[in-house]
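As C-alpha cells, the structure follows; a few thoughts come after it.
No value in this document is a laboratory result; all are computed from the given coordinates. Here the structure is a predicted model, which is why all the values come from computation and not from measurement. Ideal geometry is used to build each Cβ from the backbone, glycine not excepted, and the neighbour counts take in all protein chains shown.
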C-alpha cells in the first residue's frame, strides 16, 4: 500500500453517495469511517417521505461496476425501456428512451442503500450511526457531533445530501457562493399495489407518465409488483396541493385528470393525506473544497429529479474523484482542487438540464411536434451514431460524454432541429429529409 | 392612537436601516424595542473594518426628511457634484452627476448611525445592545438572545444586515429561495489625511475615482478635511491583493498606478497592512416575510456598493413600509405581503445595476465613447427632461421612479444610444444630432 494511503478519511453521510465513495476509498487502502445522522437503515428501515425508487442509468452503473457490485445490484433493478404516456382517456403511447437494449433502471433507494452499506463494511469501512455533525474544522479535519462524540481524520468528505451540515458551515465562511432555489411545485408519493397474484398491473418495463400540461403523475415499477407513483403539482393555483383540501376535491381531481389510475390505487385518499408533500430544490455552490474537506453529491449540487440524474451524478462524482486519485498519486491537495474545477461545470449543466426536463415530461411528451422531433433525432442518430447523439441519450446512456458537453452539443442540435421543424410540411415530409445535410450543419461553418 | 398601533415591535439591528424604521414606527405610535448584537456605538465607537463613509442620495434623503431629521443630517454631509477622474499622469477630468444642484452626499456611517439612534430613542424606542439573536419564533414573534434574554413582540423586523441572523434562520425553512454571490474583488480602506490647516487636499465637492480598467481607487471627502480612500482590487491574479505581499510590491503598485496619491497618503503601507481586505457580496432571497417576521434592507437584499445605493435602498424600504401602513390601516398581515411583492423586483433591479456599475466606474469612465454617450444623454435630458432621463439620474435623483422602472427604461434608452453611437462620425457630428428623433424612438412603435 502506498504511504499516502495511510490517511484516515471521514465521510459525513451514509446515503447512496457516501457509501459508494466509501467503497472506492476503502478499496484504495484508506482507513474509512462513515458518520450518519440517522439510525442504521438496516435496523430501522428507510426513512419515510424520501423518494422510494430511483432511475439508475449508465453514469451510475459504471461506478457500481468499478467497485464490484454489478451482479448484486442487477438483482434489484427493473429495466425501463421507455416512457409509457397515459392520456386522459386512458390511451397509451410508448416512446423508447434509446436504442434497443438501452434502458434506465428502477431501483429502490432503501434496498440499494443497504446493499451499498454492507459492501462498504465488507471493504473495511467503519460505520457510525446517530452521529449528526455539529461542527467541522476545515483545517484540522476534526468533526464534532451533537451526541458529544468527536473524530479526527486527515480528509473529510461531506456526502451528507442537499441539506448538508458540512456545506451549511462552509456557507458561513467568506467568499462562499451559494444558492438554493425551490421550484413552485411539490410532490407526493402514492402506492399502486401489485395484483393479488403479485404481478404488475401495468406494463412493467416502462416509466409511466400522465403528462397534463403544468403538472403530471409518474409511476416507477417495484420488484414486488407494485409501482411508486409520484404526483408533481404546483403548491398554489388552480390545480394545486393548496386547493386539494377536501376528499371530494381530491377524488374529483383524480377522476377528471387520471381516470385510469383510480382503480389501480385503492388507498388514494389515505396516501394523499398520510404522505408528506415535499418540495424540490436546486442547490449550487462553490468552492466545494475548504482546507481538508470536500463536499460531493447533493451536498455540492442538489438537483430536481426530472432527468433522473441526482443519484447518477453523485455516483459519477465518486468515479471521477477515484480516477483523479489514480492520476495524481493520491495527492489530495491537488485532487480536491482539480475535482471541483472539473466537476462544477458538469454539476451546473445537469442542474439546468433537470429543471428544463420537467417541462418536457409534464407537457411536451404529449405534443405531436415534440414526438416527431424525437423520431427525426432517433433517425439521425441511427444514420450518424457518433455525430448526432440525442441529448437524452448523451445524458443517460453516454457516460463518456460530460454533462457540460452534452448540454452544449444539445443546444447546437436543438438550434438545427428548430430549423428542421420550421418546415410547414414537416409532418408529411419528414421521411424525405436529407439527413446528411442536417448532420453537416453540426460542423463549424 | 389607533388600536392596531398598540402592537409591540421588535427590531433586530440598530444599524442605519434598523434605526430609521424604528423612528418611523415609534412616530406611528408603536412600542418599539431595538436589539443589537454589537455594543452601543455611542459608547465604544464604530466598529473597525466597515465602510467609513457612504453616499446619501435622494432615495435616502426623503425618508430622513419624513422622520424629521433633514436639518440635523445636513450638518453631517459634504455634497459631491460629480466624479473627478484621475488618470495615471495625475490629469483630472470632472464629470457632473446630474444637473446643476444635483449631488450625492458623502456622510460618515458612524456619525449618521449615532444621530439616528439618538433620534429613535427620542421618538420613544428602547435600545438593547449586546443582544445577539440566537433564535426567532416566526409565528409567536419571540426572540431568544445568546446572552440568555428573551423578548416577545407582535411583529419582528429583521434589519440585521447582509449576514442577518433572522434570515439565516429563514433559510432553514422550506421553500426559502436564497443566494449569496461574492465577486472576485475585495476592498481595503485607507485614509488620506487633511492638510495641517485642516483643509481638503483635493477638490472637496467630488467623488474621486482612479479608474484603471479592471481595478480602481476611489476617495470620498470627510468633514474633518480627510478623505476615505477605498481600493477595489481582484483577490487573485496579476494586480491583486494576493500578489501585493511585500512592501516593495505595494509601493511599486501605487507608484505606477496611482502616482498622484502617494504624497497624499503618508501611511500607505501601515493602512495597507493594518486594514482588513473585505469581500463584496450580493444577497438575494424570497420570501422576506415569515409569519410575524419581516426582513428589510441588507438582510433581504445585500448589494455591492458601486451604485452607492445600499443605504439608500434600505431607507427607501422603510419609507415604502410606512406608506403601506398608512394605506392599509396598519394591517400588518396585508402590509407585509404587499411590501415583499412590491419591493422584491426593485431590490433585484438595484442589485443588478450595482454589479454592472462596477464596470462603469473602474473602466468606462475613462473611455471617450462612454463620456460622449453621457454628454449626449445629458443633452437629451435637457431638451426632453421628462421623456429622456439618464439611468444614473433615475436611480440617484428620481426617488419617484422605482428601481425596476429605472432598469427597464435604462435598457430601452441604452439600445437607442447603441444605435446613435454606432454612427462612425459620432465624435465629430454629435452636436448636430436630431434629439427629437432620438427621443421619439422611446415611444412604442
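Peptide B:284-292 has a mean shielding of 1, counted as Cβ atoms of other protein chains within 10 Å of each residue's Cβ. Normalised by 2.2 N^0.38 Å, where N is the number of residues, the C-alpha radius of gyration of region B:183-279 stands at 1.05. Could you give the angle, 0 to 90 degrees to the nearest 10, between helix A:403-421's Cα long axis and the longest principal axis of the Cα atoms of chain A? The helix A:403-421 is inclined about 10 degrees to chain A. Could you work out the relative contact order of region A:47-157? I mean the mean sequence separation of Cα pairs under 8 Å and 6+ apart, divided by the number of residues, in percent. Relative CO of region A:47-157 lands at 21 percent.
Based on Cα contacts under 8 Å between residues 6+ apart, chain A shows a relative contact order of 18 percent.
So how much slack lies between residue A:196 and residue A:412, counting 0.36 nm per residue of separation and subtracting their Cα-Cα distance, in nm?
On the way: separation 216, 0.36 × 216 = 77.76 nm, distance 4.99 nm.
Computed gain between residue A:196 and residue A:412 is 72.8 nm.
Residues considered: B:305, B:385, B:211. Largest GNM mean-square fluctuation over chain B, using C-alpha springs under 10 Å, is found at B:385.
Among the residues of B:170-183, the average count of other protein chain beta-carbon atoms within 10 Å of the residue beta-carbon is 5. Grouping the Cα pair distances of region B:292-431 into 10 Å bins from zero gives a pair-distance distribution of 11, 36, 29, 16, 7, 2, 0 percent in increasing distance order. Note on chain B: helix-only mean residue ellipticity at 222 nm, from DSSP H runs of 4+ residues weighted -39500 (n - 2.57) and normalised by residue number, equals -11500 deg cm²/dmol.
Comment: the Cα-to-Cβ extended label point of residue A:436, at 7 Å, lies 6.2 nm from its counterparts in the other copies, nearest first. Ranked by the mean number of other Cβ atoms within 10 Å of their residues, highest first, the peptides B:160-169, A:243-252 come out as B:160-169, A:243-252. Within the protein assembly as shown, DSSP assigns beta bridges of which about 75% are antiparallel (rounded to the nearest 5). Each residue of the protein assembly as shown gets 215 Å³ once the volume of the Cα convex hull is shared out per residue. Our analysis of region B:22-174 gives Rg over Rh at 1.06, with the two radii drawn from alpha carbon positions and Rh computed by the Kirkwood formula. Calculated on the alpha-carbon coordinates, the convex hull of region B:112-201 measures out at 189 cubic angstrom per residue. A convex hull fitted around the alpha carbon atoms of region A:110-150 yields 96 Å³ per residue. In plain terms, the residue of B:142, B:377 with the fewest other Cβ atoms within 10 Å comes first and the most crowded comes last, giving B:142, B:377.
Could you calculate the contour length gain from residue A:174 to residue A:401, that is, 0.36 nm times the residue separation minus the distance between their Cα atoms, to one decimal place in nm?
Details: separation 227, 0.36 × 227 = 81.72 nm, distance 3.41 nm.
Between residue A:174 and residue A:401, full extension yields 78.3 nm more.
For residue B:379 and residue B:246 in one chain, what is 0.36 nm times their gap in residues minus the Cα-Cα distance, to one decimal in nm? Could you put the intermediate results ahead of the total?
On the way: separation 133, 0.36 × 133 = 47.88 nm, distance 4.81 nm.
Extra length available between residue B:379 and residue B:246 comes to 43.1 nm.
Here region A:212-251 is treated as an ellipsoid with the same Cα gyration tensor; its semi-axes, largest first and in whole Å, are 24, 13, 7.
Mind jotting down the distance between the C-alpha centroids of region A:357-409 and region B:341-417, whole Å? Taking the Cα centre of region A:357-409 as reference, the centre of region B:341-417 is 43 Å away.
For region B:299-354, the gyration tensor built on C-alpha atoms gives a prolate shape. Its axis ratio a/c (a ≥ b ≥ c) is at least 1.5, and a/b is the larger of a/b and b/c. To the nearest 10 degrees, how steeply does helix B:368-383 sit against the main Cα axis of chain B, on a 0 to 90 scale? Here the helix axis deviates by roughly 70 degrees. Between region B:122-183 and region B:315-339, the alpha-carbon centres lie 19 Å apart. Mean separation of Cα pairs under 8 Å and 6 or more residues apart, divided by the residue count, gives region A:184-279 a relative contact order of 36 percent. Among A:374, A:436, a tally of other beta-carbon atoms within 10 Å of each Cβ gives an order, fewest to most, of A:436, A:374. 7 Å along Cα→Cβ for the label point: how many nanometres lie between residue B:203 and each equivalent label in the other copies, listed shortest first? Label point to label point, same position, other copies: 7.5 nm. If you take the Cα centroid of region A:187-239 and the Cα centroid of region B:266-292, the two points sit 49 Å apart. Divided by 2.2 N^0.38 Å, where N counts the residues, the Cα radius of gyration of region B:367-440 comes to 1.08. From the largest down, chain B spans 67, 60, 43 angstrom on the principal axes of its Cα atoms.
In chain B, what percentage of the DSSP-assigned beta bridges are antiparallel, given to the nearest 5?
That works out to approximately 70 percent antiparallel.
Think of the axis that spins chain A onto B; the A residue whose C-beta lies nearest it, and the distance in whole Å, is A:179, 2.
FRET efficiency for residue B:92 and residue B:163, Cβ-Cβ distance as r, R0 = 45 Å, nearest 0.05? Write out the running numbers ahead of the final one.
Numbers: r = 38 Å, r/R0 = 0.85.
Calculated transfer efficiency: 0.75.
If you line up the long axis of helix A:109-122 against the longest principal axis of chain A, both from Cα atoms, how many degrees apart are they, to the nearest 10? Around 30 degrees separate the two axes.
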